[in-house]
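Input: a single structure, listed below in structure tokens.
The values are calculated or read from the model by the stated rules, or taken from the named source; none is laboratory data. This one's a predicted model, so the numbers in the text were calculated from it and none came from an experiment. Every residue, glycine as well, gets a Cβ built from its backbone with ideal geometry; the counts of neighbours run over all protein chains shown. SASA here: full protein model, heavy atoms, side chains in, ligands and nucleic acids out. Shrake-Rupley method; radii C 1.70, N 1.55, O 1.52, S 1.80 Å.
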Amino acid sequence: MNRITTLIGATAMTAVVGMNAAPAQAASPFEPARGVVSATDEAADGLRLLLGRNGDEQTLRRNLEQRSVTAPPEVFERLVAEAAKRDNPGASAGEIDRILAALRDIATIIGGVKPMDVDRVFKGITEASMAVAELQATGNLDAARRVLCGSGSAAAGSLSILSDVVRLYEASANLPQVAQVLNLLDPRTPEGAKLFASLPELARTPQVKAALVALSDIGRTLNKVDKHKVIALARDWAEAAARCDTSTVLKLPELMIRTVDLGREVLGILVRSNLGDLSAILAPRLG
């Protein structure tokens, strides 16, 4: 868990600071001798044979659609364990088990996405795209209505997927939650101080430290907002747009009241929270 959380925290800190927060990895001094075919070479040759060495794009696409590569779960887990050992020879069996458990939870989250929601997204995008083309070509006002319908349907499907992903992610005991990642970003916490110390000297400035402190405070503040309520409200707006009939107009007053209430809740949380030095984020980064 700590390894996965640190990886996510380092990625987030890299996005904030603009410099790699991960420790440098030395290049491996071991290379296959000339004339020796490595396992990677064999896999590449097998893939080329599978897809067709000189096939055009249509042939490659057809081959990919007609064939799939599967492997037993134990083979995949062995490869992950070997990779973890190469990354850190001192990794314990317990650490590797936690990494594997987190990956299983990710697979559960992916498997929990409803095919009907995915299908709705693609159909909505297709409908909107065709309507846009018709609107540009003919100026038909009904096409403008169908752009809204298709876009709303695609958005509703996407938000339904997001709702399922967030629910399953939060239910996982093996994946790092928002609070853990925010602790890594915060230089005031032991784990955040350790990660901040791993930054290049150029990035370990008071301005960057203040920005990370403020960002972690903002993150903790926004994490108090019920994200499921936010997603549900956005999905209902998208559903209203997707209906494209008089029921959409009838739904608007209720949606507007819920939107105003949620806005007041968010503003109340922001007012009551100590957000630190926001100027560290708003001011241009120095250095």
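With the full set of protein chains in place, find how many percent of the accessible area of segment 152-234 is carbon and sulfur; take the probe as 1.4 Å.
Values: 2490 of 3860 Å².
That share works out to 65 percent.
When the accessible area of segment 96-151 is computed with all protein chains present and a 1.4 Å probe, what percentage of it is carbon and sulfur? Write down the numbers at each step before the final one.
Working: 2390 of 3500 Å².
On segment 96-151, the fraction of accessible area on carbon and sulfur atoms equals 68 percent.
For a protection proxy built on the mean count of beta-carbon atoms within 10 angstrom, sort 206-219, 136-149 highest first, please. Before the final figure, lay out the partial values.
Values: 206-219: 19.4, 136-149: 13.4.
Most protected by this proxy first, the peptides run 206-219, 136-149.
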### Query
Mind checking which lysines have their C-alpha under 16 Å from residue 251, skipping anything on the same chain fewer than 8 residues away?
none
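Sort 222-231, 250-259 for me by packing, meaning the mean count of neighbouring Cβ atoms within 10 Å per residue, highest on top. Walk me through the numbers before you get to the answer.
Working: 222-231: 14.0, 250-259: 12.3.
Those peptides, ordered most packed to least, come out 222-231, 250-259.
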### Query
Radius of gyration and Dmax for segment 134-287's Cα atoms, expressed in Å?
21.3, 63
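Can you tell me the accessible area per residue over segment 72-121, all protein chains present, probe 1.4 angstrom, in square angstrom?
Details: 3190 Å² over 50 residues.
On a per-residue basis, 64 Å².
Compute the accessible area per residue over segment 177-272, keeping the other protein chains in place, probe 1.4 Å, unit Å². Present the calculation step by step, with values, prior to reporting the outcome.
Working: 5420 Å² over 96 residues.
Accessible area per residue: 56 Å².
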#### Entry: Computed over segment 195-269, the ratio Rg/Rh where both radii use C-alpha atoms and Rh is Kirkwood
1.27
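If a/c stays under 1.5 just call it rounded; otherwise compare a/b with b/c (prolate if a/b is bigger, oblate if not). Do that for segment 92-145, with a ≥ b ≥ c from the square roots of the Cα gyration tensor eigenvalues.
On the way: a/c = 8.56, a/b = 4.54, b/c = 1.88.
Prolate, since a/c reaches 1.5 and a/b exceeds b/c.
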